[in-house]
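Please read the structure below before turning to the comments.
The values are calculated or read from the model by the stated rules, or taken from the named source; none is laboratory data. In this text the structure is predicted, and so the values were computed from the model without any measurement. Because the Cβ atoms are built from the backbone with ideal geometry, glycine has one as well, and the counts that use them run over all protein chains shown.
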Amino acid sequence: MMRIVLAFWLAVVGFGPLSVMTAAPAHAVLPDEILDDPALEERARDLSRGLRCMVCRNESIDESNAELARDMRILVRERLVAGDSDQEVVEFIVDRYGEYALLKPTTGGANWLLWAAGPIMMLLALGVGISYLRTRQAATETGAGQLSEEEKAKLSKILED
Amino acid sequence: MIVELGHFALILAFLVACLQAVVPLIGAHKRWPGWMAMAEPAANAQFMLTAFSFGALTYAFVTSDFSVALVVQNSHSLKPMIYKISGVWGNHEGSMLLWVLILTLFGAMAAWFGGNLPPTLKARVLAVQSSVAVAFFAFIIFTSNPFLRMAVPPFDGQDLNPLLQDPGLAFHPPFLYLGYVGLSLAFSFAVAALIEGRVDAAWGRWVRPWTLLAWVNLTVGIGLGSWWAYYELGWGGFWFWDPVENASFMPWLLAAALLHSSIVVEKRESLKSWTILLAILAFGFSLIGTFIVRSGVITSVHAFANDPERGVFILMILGFFMGGALTLFAARASSMEAKGVFSLVSRESALVMNNILLAVSCFVVFIGTIWPLVAEMLFDRKLSVGPPFFDMAFTPFMVVLGAILPIGAMMPWKRAEIGRSLRPLIPAFILALSVALLAFALQTGRSAMGPVGLFLGTWLISGSVVDIWSRTGRGAVAGRLGRLTRLPRADWGKSVAHAGLGVTMLGISGVLAWQQEDIRVVQFNEPFDVAGFTLTLTDVQRVEGPNYISTMGWVDLARGDTAITTLNPEKRFYPVAEMPTTEAAIDIGFWRDVYVVIGDPQADGGWAIRTYYKPLANWIWGGTILMALGGMLSISDRRFRVAAGATRREPTAGVPAE
C-alpha cells in the first residue's frame with residue numbers, strides 16, 4: 001500500500017516516470033495463503049504487519065502484493081506451522097534479510113536513542129516549562145505593581161532632591 | 001506564444017520579488033515612506049504576474065499543447081477536463097508553480113488586509129515574505145522550469161498517473177500547499193517582529209488569523225489525502241506514517257501549537273519568544289517537508305534521488321532561512337520580556353502544556369522520520385522505522401493531550417482553581433467513562449485501545465459542549481440558549497474544533513479496534529456472511545470508461561432478509577500508463593462502512609473478494625471537517641475583522657475592549 005501512496009507523492013513531486021513502475025493495486029494476503037488454524041493465521045497476520053517488504057518502499061508484507069512479499073508471508077506461515085514461536089520467526093527473518101526487514105526497530109545499540117528521544121524530550125520540555133511557569137508565578141507573588149531595584153533607586157534619588 | 005508569455009511573466013515576477021525583498025527593508029530601516037510604500041504594489045504585481053504564469057501553464061494543459069514537455073509527460077487528450085486541470089499540479093514543476101502562486105497570494109493578502117499594521121512592520125513583513133518568494137522563484141527558474149518546449153512534439157501525451165485521476169486527489173495538493181505556504185506568513189511576521197524588536201498583543205492578534213488559515217487548509221489537505229488512501233488503496237488504511245505523510249503532519253502539529261500560543265501572546269502578552277520560535281520552526285518544518293518530498297533522500301532505497309541538484313537547492317533555501325531566522329532569534333529574543341503574570345494553575349499553564357505536548361509529539365515524528373538516515377550515516381545500520389514505532393511512541397502524547405484538553409479549556413486566565421474548573425465537567429467525565437465501560441463490556445476482544453479511544457473521544461465532545469454552555473453564564477435555560485447564539489465566533493470555533501478532535505479520535509479507535517476483515521474465493525450466487533451482513537456476488541463484467549477498461553463486480557449487500565444495496569467494486573486498467581488501479585465499493589453508513597474489493601479471477605471460476613466491516617470509519621473525516629470548520633469560525637471572529645487592531649498604540653482605531 002505504501003508503494004502506492006509513495007507513487008502518488010512521487011508523481012506529484014516529479015518522479016512520475018519512475019513511480020509508474022512501482023504502482024499497482026495491492027491484494028496483499030491471497031485466499032490460498034490463509035492457514036486453516038485461525039489462531040495460527042492471526043499470529044501470522046500480526047507478524048507480517050511488522051515485517052517490511054524488502055523490494056517495496058515502506059510497505060509491510062501484509063499490505064504488499066509484490067511476489068517477494070508473498071514469498072515472505074508464506075515463509076512466515078511455514079515457520080509457524082513448523083512450531084516456531086513469534087520471536088523465532090522474527091529472528092529467522094532478520095537472519096535472512098537483515099534488520100532492515102523490521103518495521104518496528106529494535107532497542108539495541110544506538111536505537112535506544114530513537115526510542116528514548118520522546119520521553120527524554122518530554123522531561124526536558126516539562127522541566128523548562130515548569131521553571132518558566134514558576135518565574136511567572138513568582139512575578140505574581142512579588143506583585144506586578146512593585147518597583148524594581150533600579151526604579152527604587154531612581155525614586156529615592158528624586159525624593160532626596 | 002501564451003506559454004512563452006507565461007515563462008516571461010514568471011521571470012518578471014522573480015525580478016519584482018528581488019526588488020520587494022530589499023527596497024522596503026531599507027525603507028523601514030531609514031524611515032523613508034516612499035521606499036516602504038513600494039512593498040504594496042510590488043506584492044500585487046508579483047501575485048498577478050505569477051497568476052498569469054500559472055494561467056498560461058493551465059492553458060497549455062487544457063488545450064493539450066503537446067509541444068510543452070510537461071504537458072506531454074503528464075497529460076493525454078482523452079483525459080476528462082478536471083484531470084487535465086489537476087494535471088497542472090500533478091507533477092514536480094507545476095506543483096512548484098502552484099506553490100509560489102500561493103506564496104505570492106499570501107503576500108498580496110498581507111498587503112490587502114494589512115491596512116492597520118504599523119508601516120514599518122508591514123514593509124518588513126512584505127519584504128521577508130518576498131525573500132522567501134525569491135528563493136522559490138529561483139528554484140523554479142533554474143532547476144524546475146515548467147515551460148520547456150519539446151523539439152519534436154509527439155501526437156499525444158503519456159497521461160497522468162491514473163492514481164491521481166481521482167476527485168479526492170485533484171484538490172488534495174492545493175489545500176496542502178495553502179497550509180504549508182500559509183505558514184510562510186507567520187514566519188514573515190515573526191522575522192519582521194524580530195527585526196522590529198517588538199512583539200505585543202497586537203502582533204499576536206495579527207499573526208493568529210494567518211496561522212489559523214494555514215492550519216485549516218493543512219487540516220483539509222491532510223484529511224483529503226487520508227480519505228483518498230482509504231477508498232482508493234484497496235484495504236481501507238487511512239494513515240501510514242510514511243515520510244511524506246509525516247512531512248505534512250509535522251507542520252500541522254506545530255501550527256496547532258502556534259495558534260494556541262499566539263492566543264497567550266494576544267491576551268496575556270506572555271510566551272512571546274516561544275511563539276516567535278514556533279512560527280519560525282513551523283515554516284521550517286514546511287521546508288523540511290518540501291525537502292523530504294522532493295529530494296527523495298529519506299525514502300531513497302532505490303535510485304530515486306534522481307535529481308540531487310533540486311535537493312541541494314532546497315537544502316540551501318532551508319539552511320538560509322532557518323539559519324538566518326534562528327540567528328536573529330538568538331540575538332533578539334531576550335529583549336522580549338513577558339508582561340502577564342499568572343499562577344501555576346491557569347489557562348496560560350494549560351496552553352503551555354498543550355504546546356509542550358504538540359511540540360514534543362512533532363519531535364517524535366521528526367526523529368522517527370529521519371532515523372533511518374541517521375542510523376545509516378552515523379552507525380552504518382540499514383534499518384526501518386515503520387508504523388509500529390510511531391503508534392507506540394506518538395500515541396501516548398495524544399492520549400495525554402485528549403485527557404487534559406477539556407480541563408484546560410475550562411480554566412480561566414491568570415489564576416484558576418482545579419476544583420472549580422473540574423466541577424462542571426463531572427457529567428462529561430461520567431458520560432465518557434460509561435461509554436468506555438460499556439464498550440469494554442460488550443467487546444469480545446481483549447484490547448484496551450477501543451475503550452480508551454471511546455473515552456477520550458466522548459470526553460472531548462461532551463467537554464466541548466460543557467465549555468460552550470458554561471460561556472452563557474447563569475440564569476434560566478431559555479436566556480442561556482439565547483446567549484448561545486450571541487457568543488463570539490471564536491468561542492464557537494474553539495468548541496467545534498475541540499469536539500472535532502474528539503470525533504476523529506472516536507473514528508480512529510473504532511476502526512482500529514473493531515474492524516473485521518474477510519478474504520475468500522467467492523462463487524457466483526453463493527452468499528457469504530461478514531460481521532452480520534450477507535454478501536452475494538451476482539455478476540462480473542467488463543466495462544469501458546473514458547480512458548480506462550474496468551472489471552466491475554456486482555455484489556448484493558443485505559442484513560438478514562432486508563436488501564441494503566448493490567455494490568460495484570472495480571479493477572481498472574489504464575492502457576496509456578499501463579497501470580491498474582483498485583476502486584473499492586463502499587456502503588457508507590453513519591455507524592459503519594462496508595467495504596468490498598474485487599481481486600483476481602480464480603482457476604475454479606470464482607473471484608477473490610475482500611470484505612471489510614469498518615465501524616465509525618467516517619467519523620475520522622467528519623472530525624477533520626469539524627476541526628477545519630472550527631478554525632474557520634475562529635478566523636471569522638469579529639475582533640479579527642473589525643481591526644487586527646493595535647488597540648494599545650492607536651486607541652483611535654476604536655476597537656471594542658475584550
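Restricting region A:60-101 to residues that are in contact with a strand residue (DSSP E or B) (Cβ under 7 Å, 6 or more places away or on another chain) and within 12 Å of chain B (Cβ to nearest Cβ), which is farthest from B:Leu383 (Cα to Cα)?
A:Ile61
Residues in region B:215-245 that are more than 10 Å from chain A (Cβ to nearest Cβ), under 21 Å from B:Ser509 (Cβ atoms) and surrounded by 24 or more Cβ atoms within 10 Å (Cβ to Cβ): how many?
Count: 2.
Checking B:Ile519 against (1) within 22 Å of B:Leu212 (Cα to Cα); (2) aliphatic (A, V, I, L, M); (3) not in a helix (DSSP H, G or I), which single condition isn't satisfied?
Unmet for B:Ile519, out of (1) within 22 Å of B:Leu212 (Cα to Cα); (2) aliphatic (A, V, I, L, M); (3) not in a helix (DSSP H, G or I): (1).
Taking region B:313-361 on its own, how many of its residues are within 12 Å of chain A (Cβ to nearest Cβ) and either within 25 Å of B:Val191 (Cβ to Cβ) or under 22 Å from the mean Cα position of the chain (by Cα) (or both)?
Count: 15.
Restricting attention to region B:552-569, which residues are surrounded by 19 or more Cβ atoms within 10 Å (Cβ to Cβ), assigned to a strand (DSSP E or B) and either over 37 Å from the mean Cα position of the chain (by Cα) or not hydrophobic (A, V, I, L, M, F, W, C) (or both)?
Within region B:552-569, just B:Gly553 meets the criteria.
Tell me whether region B:496-515 contains one or more residues that are in contact with a Pro (Cβ under 9 Å, 6 or more places away or on another chain), farther than 21 Å from B:Ala428 by Cα and surrounded by fewer than 20 Cβ atoms within 10 Å (Cβ to Cβ).
Yes.
For region B:367-412, give me each residue that is modelled with pLDDT of 90 or more and either in contact with a Cys (Cβ under 8 Å, 6 or more places away or on another chain) or aromatic (Phe, Trp, Tyr) (or both).
If the condition is that a residue be modelled with pLDDT of 90 or more and either in contact with a Cys (Cβ under 8 Å, 6 or more places away or on another chain) or aromatic (Phe, Trp, Tyr) (or both), then B:Trp371, B:Phe389, B:Phe390, B:Phe394, B:Phe397 are the ones that fit.
Quick grid of which residues meet (1) over 21 Å from the mean Cα position of the chain (by Cα); (2) within 14 Å of another protein chain (Cβ to nearest Cβ):
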{"position": "B:Ser95", "(1), (2)": "no, yes"}
{"position": "B:Leu101", "(1), (2)": "no, no"}
{"position": "B:Thr104", "(1), (2)": "no, no"}
{"position": "B:Ala108", "(1), (2)": "yes, no"}
{"position": "B:Asn116", "(1), (2)": "yes, no"}
{"position": "B:Leu126", "(1), (2)": "yes, no"}
{"position": "B:Ala135", "(1), (2)": "yes, no"}
{"position": "B:Phe139", "(1), (2)": "yes, yes"}
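Is at least one residue of region B:288-298 among the β-branched types (Val, Ile, Thr), buried (at least 18 other Cβ atoms within 10 Å of the Cβ) and at pLDDT 90 or above?
no
Kindly indicate the residue of region A:140-149 that is assigned to a helix (DSSP H, G or I) and farther than 15 Å from B:Lys339 by Cβ and also modelled with the lowest pLDDT among those meeting that condition.
My answer is A:Glu141.
Can you name the helices (runs of 4 or more DSSP H) wholly within region A:36-139 that have at least 3 residues being in contact with a Ser or Thr (Cβ under 9 Å, 6 or more places away or on another chain) and within 28 Å of B:Glu232 (Cα to Cα)?
A:67-81
Does B:Ser384 count as among the small types (Gly, Ala, Ser) and touching a strand residue (DSSP E or B) at 6+ places or on another chain (Cβ under 9 Å)?
Taking the combined requirement at face value, the residue satisfies it.
Looking at B:Thr581, B:Thr565, which is the one that is among the polar types (S, T, N, Q) and without any contact (Cβ under 8 Å) to a residue 40 or more places away in the chain?
Going through B:Thr581, B:Thr565 in turn, the sole match is B:Thr565.
So which of B:Pro388, B:Pro412, B:Pro372 ends up being at the interface with chain A (Cβ under 8 Å from one of its Cβ atoms) and either over 21 Å from B:Val244 (Cα atoms) or in a helix (DSSP H, G or I) (or both)?
Matching residue, one of B:Pro388, B:Pro412, B:Pro372: B:Pro388.
Among the residues of region B:152-161, write down those that are crowded, with 24+ Cβ neighbours inside 10 Å and either within 11 Å of chain A (Cβ to nearest Cβ) or acidic (Asp, Glu) (or both).
Result: B:Asp159, B:Leu160, B:Asn161.
Just one of the numbered conditions (1) more than 20 Å from B:Asp242 (Cα to Cα); (2) touching a residue at least 24 places away in the same chain (Cβ under 8 Å); (3) within 12 Å of chain A (Cβ to nearest Cβ); (4) among the β-branched types (Val, Ile, Thr) is not true of B:Ile418; which one?
Answer for B:Ile418: the failing condition is (3).
Please determine, by comparing only the residues of region B:52-110 that are of a type in the set (Ser, Thr, Tyr) and without any contact (Cβ under 8 Å) to a residue 40 or more places away in the chain, which one is surrounded by the fewest Cβ atoms within 10 Å (Cβ to Cβ).
My answer is B:Thr63.
Which of (1) within 14 Å of B:Leu460 (Cα to Cα); (2) of a type outside the set (D, E, K, R); (3) surrounded by fewer than 15 Cβ atoms within 10 Å (Cβ to Cβ) is the odd one out, the single condition B:Gly408 does not satisfy?
(3) is the only condition that B:Gly408 fails.
With (1) modelled with pLDDT under 90; (2) touching a helix residue (DSSP H, G or I) at 6+ places or on another chain (Cβ under 9 Å) as the list, and B:Lys494 as the residue in question, which single condition is left unmet?
Single failed check for B:Lys494: (1).
Taking the stated definitions as given, is B:Ser447 surrounded by fewer than 21 Cβ atoms within 10 Å (Cβ to Cβ), polar (S, T, N, Q) and part of a loop (DSSP other than H, G, I, E, B)?
Considered against the rule, which asks whether it is surrounded by fewer than 21 Cβ atoms within 10 Å (Cβ to Cβ), polar (S, T, N, Q) and part of a loop (DSSP other than H, G, I, E, B), B:Ser447 comes out as yes.
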